[in-house]
Amino acid sequence: MNRLSIGYDERSTWSLDGDSVGPTRTFGSLPDALACARELTNAAEALIELRISGIYACVHQEPGWPHRIVNPPLKSAA
């Protein structure tokens, strides 16, 4: 199983770490970090640790990553 860690440094930077993703990667948003993690692991089973402003959460994803972790806001129609 893949073990991933995604953290927020409170300076608008999200980091992604884990053996299956190689060197630490940084992103401007949580959805971007999750999309990269999913792609790099080929959506294989994963345990994802989220560290956000003092909050720790752990999410287990089955193969295919069926659980939605974040729901980005909808873009308003212009």
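Bear in mind that the values in this text are calculations on the coordinates, not laboratory data. In this text the structure is predicted, and so the values were computed from the model without any measurement. Here Cβ is always computed from backbone atoms with ideal geometry, including for glycine, and neighbour counts include all displayed protein chains.
Were the residues from ASP19 through ILE52 laid out at 0.36 nm apart, the gain over their Cα-Cα distance would be 9.8 nm. Under the rule a/c < 1.5 gives rounded, and otherwise a/b versus b/c splits prolate from oblate, where does the chain land using the Cα gyration tensor? Oblate shape, in that a/c is at least 1.5 and b/c is the bigger or equal ratio.
Counting only Cα atoms, segment 2-45 measures 30, 17, 13 Å along its principal axes, largest extent leading. In this label model, ASP9 and VAL70 are separated by 1.6 nm, measuring between points 7 Å along each Cα→Cβ vector. The loop-placed trypsin sites (Lys or Arg not before Pro) in segment 15-68, going by DSSP, that have at most 10 neighbouring Cβ atoms within 10 Å of their Cβ come out as ARG68.
Take every Cα pair under 8 Å whose residues are at least 6 apart in sequence, average their separation, divide by the length of segment 2-45, and the relative contact order is 33 percent.
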